[in-house]
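The values are calculated or read from the model by the stated rules, or taken from the named source; none is laboratory data. Predicted, not measured: the structure shown is a model, and the values here were computed from it. Glycine also receives a Cβ, built like all others from the backbone with ideal geometry; neighbour counts cover every protein chain displayed.
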């Protein structure tokens, strides 16, 4: 039995059950209605999840090394997701140039390999230059109204 | 006809239009190369600039953008393993591994040359067989479209080497995600949770950017702190010419011809564009290859198939657009708007009433293809220098560009949250060993299948046998059954053998 595949199979079937419940809540009409195709898809998802689950129960155990490899680096992944979420949440209040500069600077730091040197001034310069260049290109060349935040009076 | 074509070239090669087209192709290549920016956005953003230009100049600029952006997707598909546009999804399958092997320059050279040849082949098809082919496509109704969609969906099984259940699940999930929003036919709001922003469903751009670009950033984050190879970017080989030999070029001619025919054929059918044709051409190339085990590991055959087919879709999509006024996809829909802005009404009468302009369009397509070849060849050395930028610097900047692309769809922060959501889903797929490509196919073809099914049933008053008795639809449905049976037989034989041959890893599958 491979735990990872068991979890995957369970999630697949679970997603199908969740989707089926939502499809069942749609208003019913005579013949083929808005819920028919989602209902068919949901049953397919459940069946495929069960097939995967049965297959996983038959497969041999994963080695310890495989399990360890699967969980390494998750802290960096978590930090990256938090940074991206923070960047999106900050876009309106801080505006694109400021939010992007902060995000890029922090993301450069988080992703830098341990073996490489971290040059804080270089990262700060790159972050600000990139955000200004992207903002200027899209705002003034393509008329895309990216949020300017507190800088709105100067940038628009 | 040739007189008209010469007139068209004379118009296009005037200094003003030629310069406009050069800029258009260059901008298009950039839009195609940056994940999150697409041909649709390039044309939509530049459309207002054509208002002040005459019809020939305006249309030529739009065509230059279209050709450049369709081809530009290969650059990021190869260098970053992120498809710049939906039309380059299959290019990542072998372009990415070639880059990792130090053959990035060769992959780019192959992609550029066969993009050019695909475009030229499709222009020839457009010029010579447009009217008769368009008539066939016009005769297709919902029954035929449903059957074509079902047949195409069964190809998911072919893309699911590894775990067939996981691959098919990915396709079904993609289809399920496409059901979010207003339902076809009866306009019932589905799975929107009262959120008006979901009424229109998810945009293909946000799904694609999330599943490929954002997921790639997250994936890189996982190994960024402790890179297995010490963080060194693979060095590209020194490039001479386009990076490949004449023998390699000649060996790919049959593959290119087949892929061009697939690209043109699919491009003609409204609703299915280069986003699908590149994957189908890739599958066909793998099936017909003498070395199918090399696919997914970095073979030029895969790059040739994908890039020839997606660019062949350009001329293919223009066939129903010009002869019937039916746009095949989002890009040609905007092109239709562009033509109408300049007082051109596409349709069967266009070839009679405005023949010189039609041939100007043909000439613009040919000149754009040549400009694309020259600009990409010239830019090849610059693109390769991208490899020198460390991934921990490059990928966050790309993520920001993806966010800008998503925001540019409708000026909504919601769309940026969507790419993050699909990015997490794409990363989960990678961790779970679920291929991403079937998800995209399910998402693209799902709405067509459902809409055609419901319309077909309305036409046949709820009689399901209508799908079988219609000759074209019945044939495609039979082909779908054969396709599934064939794949199941292959899977059964593989599991009975000593080692299951499983060369195809897709969409960042681990």
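Of all the listed residues (B:209, B:150), the sole one being more than 10 Å from chain A (Cβ to nearest Cβ), buried (at least 20 other Cβ atoms within 10 Å of the Cβ) and within 30 Å of residue B:473 (Cα to Cα) is B:150.
Just need a number here: residues in region B:8-40 that are outside any helix (DSSP H, G or I) and either touching a helix residue (DSSP H, G or I) at 6+ places or on another chain (Cβ under 6 Å) or touching a residue at least 24 places away in the same chain (Cβ under 8 Å) (or both).
So in region B:8-40, the residues outside any helix (DSSP H, G or I) come out as B:13-14, B:34-38.
Remaining after also requiring either touching a helix residue (DSSP H, G or I) at 6+ places or on another chain (Cβ under 6 Å) or touching a residue at least 24 places away in the same chain (Cβ under 8 Å) (or both): B:13, B:34-38.
Residues in region B:8-40 being outside any helix (DSSP H, G or I) and either touching a helix residue (DSSP H, G or I) at 6+ places or on another chain (Cβ under 6 Å) or touching a residue at least 24 places away in the same chain (Cβ under 8 Å) (or both): 6 in total.
Look at residue B:120 and say whether it is at pLDDT 85 or above, in a helix (DSSP H, G or I) and on the phi < 0 side of the Ramachandran plot. If you could, list the steps in order and put the result at the bottom.
On the way: at pLDDT 85 or above: yes; in a helix (DSSP H, G or I): yes; on the phi < 0 side of the Ramachandran plot: yes.
Against the criterion (at pLDDT 85 or above, in a helix (DSSP H, G or I) and on the phi < 0 side of the Ramachandran plot), residue B:120 qualifies.
For the criterion of being modelled with pLDDT of 80 or more, within 30 Å of residue B:224 (Cβ to Cβ) and crowded, with 18+ Cβ neighbours inside 10 Å, residue B:399 passes. Across region B:332-351, the number of residues qualifying as surrounded by 14 or more Cβ atoms within 10 Å (Cβ to Cβ) and closer than 17 Å to residue B:49 by Cβ comes to 7. Scanning region A:78-94 for residues that are buried (at least 20 other Cβ atoms within 10 Å of the Cβ), more than 7 Å from chain B (Cβ to nearest Cβ) and within 24 Å of residue A:152 (Cβ to Cβ) gives A:87, A:94. Does any residue of region A:46-60 turn out to be more than 8 Å from every other protein chain (Cβ to nearest Cβ), under 25 Å from residue B:222 (Cα atoms) and modelled with pLDDT of 90 or more? There is no residue in region A:46-60 that is more than 8 Å from every other protein chain (Cβ to nearest Cβ), under 25 Å from residue B:222 (Cα atoms) and modelled with pLDDT of 90 or more.
For region B:174-199, a tally of residues being farther than 14 Å from residue A:27 by Cα and either facing another protein chain (nearest Cβ under 7 Å) or not in a loop (DSSP other than H, G, I, E, B) (or both) returns 10. For the subset of region B:215-236 comprising residues that are within 11 Å of chain A (Cβ to nearest Cβ), part of a helix (DSSP H, G or I) and at pLDDT below 85, which member is nearest to the chain's Cα centre (by Cα)? Filtering region B:215-236 for residues that are within 11 Å of chain A (Cβ to nearest Cβ), part of a helix (DSSP H, G or I) and at pLDDT below 85, the one nearest to the chain's Cα centre (by Cα) comes out as B:217. Checking each residue in region B:430-442 for being buried (at least 23 other Cβ atoms within 10 Å of the Cβ) and within 12 Å of chain A (Cβ to nearest Cβ) picks out B:434, B:438, B:442.
Could you tell me which of the residues B:271, B:241 is more than 14 Å from chain A (Cβ to nearest Cβ), closer than 28 Å to residue B:126 by Cα and at pLDDT below 85? One residue alone meets the criteria, B:271. Listed conditions (1) within 14 Å of chain A (Cβ to nearest Cβ); (2) buried (at least 23 other Cβ atoms within 10 Å of the Cβ); (3) at pLDDT below 80 are all met by residue B:47, apart from (2).
Checking the condition in contact (Cβ under 8 Å) with a residue 40 or more places away in the chain and either under 18 Å from residue A:80 (Cβ atoms) or within 10 Å of another protein chain (Cβ to nearest Cβ) (or both), which residue from A:99, A:127 passes? Result: A:99 is the single residue among A:99, A:127 that is in contact (Cβ under 8 Å) with a residue 40 or more places away in the chain and either under 18 Å from residue A:80 (Cβ atoms) or within 10 Å of another protein chain (Cβ to nearest Cβ) (or both). Across region A:130-156, the qualifying residues are those that are assigned to a loop (DSSP other than H, G, I, E, B) and without any contact (Cβ under 8 Å) to a residue 24 or more places away in the chain, and the one among them that is farthest from the other protein chains (Cβ to nearest Cβ) is A:156.
State which residue is surrounded by the fewest Cβ atoms within 10 Å (Cβ to Cβ) when the search covers only region A:110-124 and only residues that are more than 9 Å from chain B (Cβ to nearest Cβ) and closer than 15 Å to residue B:392 by Cα. If we take residues in region A:110-124 being more than 9 Å from chain B (Cβ to nearest Cβ) and closer than 15 Å to residue B:392 by Cα, then A:117 is surrounded by the fewest Cβ atoms within 10 Å (Cβ to Cβ).
Pick from region A:13-39 the residues that are modelled with pLDDT under 90 and in contact with a helix residue (DSSP H, G or I) (Cβ under 6 Å, 6 or more places away or on another chain): which of them is nearest to the other protein chains (Cβ to nearest Cβ)? This residue is A:32.
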